[in-house]
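The values are calculated or read from the model by the stated rules, or taken from the named source; none is laboratory data. Note that the coordinates shown come from a computational prediction; the quantities given were computed from them, not determined experimentally. Please note: Cβ atoms are built from the backbone with ideal geometry, for glycine as well, and neighbour counts cover all protein chains shown.
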Amino acid sequence: MWRWCKRSILLAAVMLKASLAVAVPTAVFTQAASQQGTVAIVGASVINVEDGSTIPNAVVVIEGDRIKAMGPAATTSIPADAHTIRMDGKWLAPGLLNMHTHFGLKLPGPAGAALENETDMQLVLRMAENARKSLYAGVTTVRMVGEEHGSDFALKAAIDGGTALGPRIQSAGEIIATTGGHGFLEADGPAELAKAVRQQIKNGATWIKVAISGGISDSHGSISASTMTHDEMKTVIEVAHRNGAKVTAHNGSPIAADEALALGIDCFEHAYHLTEKQLRTMKAQGAWLVPTAVVTDEGALEFYRKIGSPPWYLERVRSTRVDHHKMLQTAVKLGVNIALGTDQFPFEPNAGTTATVREAELYVAAGMTPLQALQAATLKPATMLEMEKDVGSLKPGKYADIIAVSANPAQDIAALRTIGFVMKGGQVVRHDQPLP
Ligand SMILES: [Zn+2]
């Protein structure tokens with residue numbers, strides 16, 4: 001999906017990072033400081049996303065940024081100094097994780113063209129706004145799979161430092177591709193590719209994103225073509241693994257998938273045209289699938305129209321849809337590890353909800369139970385990121401990353417449409433109140 005406007009590399013992102021470090025927005029600072037103490041959320045049902053069980057009328061005690069205690073009201077005491085938040089009739093679930101995001105997303109069409117001369121300073125500010133909106137939509141952790149010029153690492157530093165509001169971030173830095181491929185950072189041959197991988201890791205990447213086939217937003221080439229040589233692919237995966245980074249590939253090609261799986265790749269994005277053969281290998285190897293089902297679904301067409309997507313682009317969406325949905329159904333049936341990702345902004349309106357919630361609904365449409373879809377949005381990605389000790393479920397010791405909804409999403413995934421409360425690390429970032 002990702003499309004780039006080529007520009008010279010500026011030091012702007014670094015400069016912005018430096019300026020954010022001293023300029024602390026008062027409102028954010030006050031809100032965070034006031035919540036350093038103990039908070040108790042009372043009256044709600046807590047969902048255990050591991051098995052779908054619930055604790056009705058629960059007490060969740062939060063101290064600082066983590067859950068301290070949790071249990072039925074009858075047996076869980078509320079500390080005397082706790083600030084109490086009443087959530088009667090609501091259901092508490094873990095904050096959602098979205099594993100395929102680009103906060104600096106630009107796509108073909110007038111909306112993308114209008115950003116052609118965007119400076120890196122403007123880019124990172126736009127990304128910060130998209131981070132805030134994503135968090136507000138209930139997404140408390142994201143994996144970024146392709147941003148430009150270190151903007152992702154500047155944003156992550158600001159969020160981690162408390163000077164910008166947004167989800168927790170793991171990032172892959174820039175997308176690495178061979179010349180003419182589906183990526184901004186072009187490198188050819190093992191030597192150049194090894195350097196490109198090492199550079200992303202040096203910048204802070206915990207994942208490497210490599211394009212091993214064409215994409216929908218490319219104006220040339222087949223999505224099913226495998227564009228990298230064996231030595232090139234082998235080098236990317238080997239160098240990343242030697243440095244402790246995992247590798248995910250933008251991939252719609254079955255041939256490329258076979259080659260990458262034989263080399264031990266960790267994850268595929270989209271997987272548009274993959275067949276049962278590749279999906280069985282993924283299942284056997286424990287490889288991850290981030291489906292981005294929303295990008296070819298009917299619900300995204302309103303978005304493509306809004307941004308003025310050209311006819312050739314809409315045609316590529318339509319022609320990819322059949323295989324993409326069939327692939328997802330097969331992956332669900334085989335029990336492939338699926339982690340939710342959208343490739344649209346996590347908050348992007350889609351079919352009357354957000355892209356993130358719609359993506360989970362499409363997993364149910366493809367055969368998952370509502371609990372499995374909820375796990376694909378919480379537990380599974382937390383495991384994929386090796387963050388399961390910190391996020392992905394509501395348990396004492398984990399970060400207090402919590403959303404509240406009006407019904408149980410483990411019974412009906414559409415309950416995620418009713419997110420009205422978002423807490424990240426013990427800080428309330430959204431709490432909708434009924435109008436007086
Ligand atoms: Zn993407």
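Taken over the stretch 251-298, residues that are within 15 Å of R321 (Cα to Cα) and more than 16 Å from the ligand (Cβ to nearest atom) amount to 4.
Out of curiosity, is S19 outside any strand (DSSP E or B), surrounded by fewer than 16 Cβ atoms within 10 Å (Cβ to Cβ) and at pLDDT below 50?
Numbers: outside any strand (DSSP E or B): yes; surrounded by fewer than 16 Cβ atoms within 10 Å (Cβ to Cβ): yes; at pLDDT below 50: yes.
It is true that S19 is outside any strand (DSSP E or B), surrounded by fewer than 16 Cβ atoms within 10 Å (Cβ to Cβ) and at pLDDT below 50.
Picking from residues in the stretch 81-108 that are within 16 Å of the ligand (Cβ to nearest atom) and in a loop (DSSP other than H, G, I, E, B), the one that is modelled with the lowest pLDDT is P108. The single condition among (1) touching a Ser or Thr at 6+ places or on another chain (Cβ under 7 Å); (2) more than 18 Å from G104 (Cβ to Cβ) that K202 does not meet is (1). Just one residue in the set G397, G392 is in contact with a Leu (Cβ under 6 Å, 6 or more places away or on another chain), small (G, A, S) and in a loop (DSSP other than H, G, I, E, B); that residue is G392. Just one residue in the set S319, S226, S309 is over 20 Å from the mean Cα position of the chain (by Cα), within 16 Å of the ligand (Cβ to nearest atom) and either over 24 Å from Q375 (Cβ atoms) or not polar (S, T, N, Q) (or both); that residue is S309. Check whether at least one residue in the stretch 253-268 is crowded, with 23+ Cβ neighbours inside 10 Å, polar (S, T, N, Q) and within 19 Å of N98 (Cβ to Cβ), and report yes or no. Within the stretch 253-268 (the criterion being crowded, with 23+ Cβ neighbours inside 10 Å, polar (S, T, N, Q) and within 19 Å of N98 (Cβ to Cβ)), the answer is no, since none of the residues qualifies. Taken over the stretch 286-313, residues that are surrounded by 15 or more Cβ atoms within 10 Å (Cβ to Cβ) and either modelled with pLDDT of 95 or more or of a type outside the set (D, E) (or both) amount to 19.
Residues satisfying the criterion are absent from the stretch 205-219 (criterion: away from the ligand (no atom under 16 Å from the Cβ), free of Cβ contacts under 8 Å to residues at least 12 places away in the same chain, more than 19 Å from Y272 (Cα to Cα) and of a type outside the set (A, V, I, L, M, F, W, C)).
Among the candidates T383, T353, the residue that is more than 21 Å from V295 (Cα to Cα), surrounded by fewer than 24 Cβ atoms within 10 Å (Cβ to Cβ) and not acidic (D, E) is uniquely T383. Within the stretch 38-80, the set of residues being assigned to a loop (DSSP other than H, G, I, E, B) and under 29 Å from the mean Cα position of the chain (by Cα) comprises N48, V49, E50, D51, G52, S53, G64, D65.
Here the stretch 64-107 is the region considered, the condition is being surrounded by fewer than 21 Cβ atoms within 10 Å (Cβ to Cβ) and of a type in the set (S, T, N, Q), and the residue that is nearest to P310 (Cα to Cα) is T84. Total residues in the stretch 337-358 satisfying the condition of being closer than 13 Å to H270 by Cβ and either within 13 Å of the ligand (Cβ to nearest atom) or modelled with pLDDT under 95 (or both): the figure is 4.
Could you list, in sequence order, all residues of the stretch 118-161 that are free of Cβ contacts under 8 Å to residues at least 12 places away in the same chain and over 25 Å from D65 (Cβ atoms)? Show your work before the answer.
Step one: of the stretch 118-161, the residues free of Cβ contacts under 8 Å to residues at least 12 places away in the same chain are 122, 129, 160.
If the condition is that a residue be free of Cβ contacts under 8 Å to residues at least 12 places away in the same chain and over 25 Å from D65 (Cβ atoms), then Q122 is the only one that fits.
Scan the stretch 160-177 for residues that are more than 16 Å from the ligand (Cβ to nearest atom) and buried (at least 22 other Cβ atoms within 10 Å of the Cβ) and jot them down.
Filtering the stretch 160-177 down to residues more than 16 Å from the ligand (Cβ to nearest atom) leaves 160-168.
Correct list: A164, L165, G166, P167, R168.
Within the stretch 353-364, is even one residue within 28 Å of R66 (Cβ to Cβ), more than 16 Å from the chain's Cα centre (by Cα) and either part of a loop (DSSP other than H, G, I, E, B) or not aliphatic (A, V, I, L, M) (or both)? No, the stretch 353-364 contains no residue that is within 28 Å of R66 (Cβ to Cβ), more than 16 Å from the chain's Cα centre (by Cα) and either part of a loop (DSSP other than H, G, I, E, B) or not aliphatic (A, V, I, L, M) (or both).
What do you reckon, is L115 within 14 Å of the ligand (Cβ to nearest atom), of a type in the set (A, V, I, L, M, F, W, C) and modelled with pLDDT under 95? No.
Considering each residue of the stretch 188-232, count those that are in a loop (DSSP other than H, G, I, E, B) and at pLDDT 90 or above, and give that number.
Step one: list which residues in the stretch 188-232 are in a loop (DSSP other than H, G, I, E, B), which gives 188, 204-206, 212-229.
The next check asks that each one be at pLDDT 90 or above; those that pass are 188, 204-206, 212, 228-229.
Residues meeting the conditions: 7.
Quickly run through the stretch 108-134 and pick out the residues that are over 24 Å from E359 (Cα atoms) and buried (at least 24 other Cβ atoms within 10 Å of the Cβ). L123, V124, listed by residue number. When A410, A415 are checked against the criterion of being part of a helix (DSSP H, G or I) and farther than 22 Å from Q170 by Cβ, a single residue qualifies: A415.
Sort out which residues of the stretch 135-155 are out of contact with any helix residue (DSSP H, G or I) (no Cβ under 8 Å at 6 or more places or on another chain) and either part of a loop (DSSP other than H, G, I, E, B) or surrounded by 23 or more Cβ atoms within 10 Å (Cβ to Cβ) (or both), and write them in order of number.
Of all residues in the stretch 135-155, those out of contact with any helix residue (DSSP H, G or I) (no Cβ under 8 Å at 6 or more places or on another chain) come to 135-136, 140, 145-146.
Correct list: L135, T140, V145, G146.
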